[in-house]
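This report concerns only the one structure given below.
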Amino acid sequence: MVQAVQETLEDWFRREILIHEAALVRFLARNWFNQNDVQDIRHDIYVRVLEGAERKLPHSPRAFLFGVARHLLIDRVRRERIVAIDLLEDVDSLNVLIDEVSPERRATGREQVQRLSRLFDRLPPRCREVVWMKRVEGLSQKQIAERLGIAEATVERHLVRGIALLANALHGTAPSCAKRIDEESVRPVEPQHGE
């Protein structure tokens, strides 16, 4: 009896999941920063799909497969504390099951990441350091303050200022606390007393 159920699950897996393997590999290649990990991630996804299907077969196998893939990628990012900017750029697109990204969209995304990287490098040093610790390392304001030996209010001020400078440079909108940074002429702002 158990063998018959297992054969049925294997047949279901071949019929409903493996037919999407090429699309899954493309999805992983687009959304994971280290292409050397794609085959291992694919394997982990298949294991999770089988474990879930043992409990109950999903009504929509393709959506289930890509949902498992999306959650596994998010879990890996959290676990490894690695945040690739191009991965974050399209986190919302992980909800969309598309098979192809146009070459134009891929080129535009890479240009945006390169531009953001250049602008990030031009932030005042302390703002850059605080934004990095908060957004990439995932530290709390309290942890950043302790690490840098400054007040939490100062951390918050640097964070707000750094993000505002980036937003202004990228989108042309700046709150009154931000001075303009751009790619042609950037003069780091001198730190204020106590920073």
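The values are calculated or read from the model by the stated rules, or taken from the named source; none is laboratory data. A quick note: this is a predicted structure, and the numbers were derived from the prediction, not measured. Every residue, glycine among them, receives a Cβ derived from its backbone with ideal geometry; neighbour counts consider all protein chains shown.
In the condition set (1) in contact with a helix residue (DSSP H, G or I) (Cβ under 7 Å, 6 or more places away or on another chain); (2) aliphatic (A, V, I, L, M); (3) modelled with pLDDT of 75 or more; (4) surrounded by 18 or more Cβ atoms within 10 Å (Cβ to Cβ), residue 178 is compliant with all but (3). Filtering region 60-113 to residues that are surrounded by fewer than 16 Cβ atoms within 10 Å (Cβ to Cβ), at pLDDT below 75 and closer than 18 Å to residue 40 by Cβ leaves 80, 82, 84.
Considering the conditions (1) modelled with pLDDT of 80 or more; (2) of a type outside the set (Gly, Ala, Ser); (3) in contact with a helix residue (DSSP H, G or I) (Cβ under 7 Å, 6 or more places away or on another chain), residue 195 is excluded by exactly one of them, (1).
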